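Just so you know, all these numbers are worked out from the coordinates, no wet-lab data involved. Note that the structure is a prediction, hence the values are computed from the model and not measured. Every residue, glycine as well, gets a Cβ built from its backbone with ideal geometry; the counts of neighbours run over all protein chains shown.
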Amino acid sequence: MARESASVEPRASPEGAAVCPLLTPLEEAAWFGMLHAHTVLTKAIDAELVRVHQLPLMAFEVLMHAARCGAVGLGMSDLARRVLLSPSGLSRLVDRLEHEGLLGRQGSDNDGRAVRVCVTPAGRQRLNEAARTHVAVVRERFLQGLAEAELEQLAALWQRVAGGACDAGPAQG
């Protein structure tokens, strides 16, 4: 259901210049609320994962996505898209996780140039340990204040906002 754009007078910045593009107060509250919530929650999860497991949130996400693909592993370009890292940023992170013995790389049977990332047994153990902390912080900081119906609404809204691109289920190759 498309909503008509509201007619709003330009708001002035502290310097007196008009702010563009314009958002209604409700649109602004929704947008900046989502950005603020994302920042607060990811910082809290990252801090706790580092404190307890010496594993930053981005490394946790890389391990999680690779683990979902099992022994087949996950291609580097697919992995980069799922964790929203540049190919070079992902390569550096995978190098570090490989050096720590948490990930391994293997060539693809179909394409000799392609590299697939697989979680090692040590990586799976570390991921399983860190997952408990991840879930505890997500439940404490995000889920505990929401009723089941609200969670269903949020899940449906995020799917709609992301155009169905939310990766909530097991990853495919």
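Observations on the model:
- Farthest toward the positive end of the dipole of the range 34-145, out of 145, 39, 91, is the Cα of 145, where the dipole comes from beta carbon charges about the Cα centre.
- For residue 120, the residues whose modelled amide H falls within less than 5 Å of its own, excluding neighbours fewer than 5 places apart on the same chain, are 103, 104.
- Straightening the chain between residue 36 and residue 96 buys 18.6 nm, computed as 0.36 nm per residue apart minus the Cα-Cα spacing.
- On full extension, the segment bounded by residue 71 and residue 142 gains 22.3 nm, given 0.36 nm per residue less the C-alpha separation.
- For the range 50-56, Karplus couplings with θ = phi - 60° (6.51, -1.76, 1.60), whole Hz, Gly/Pro x: 5, 4, 8, 10, 6, 9, x
- Full-stretch length increase - residue 44, residue 122 - with 0.36 nm per residue and alpha-carbon distance subtracted: 25.6 nm
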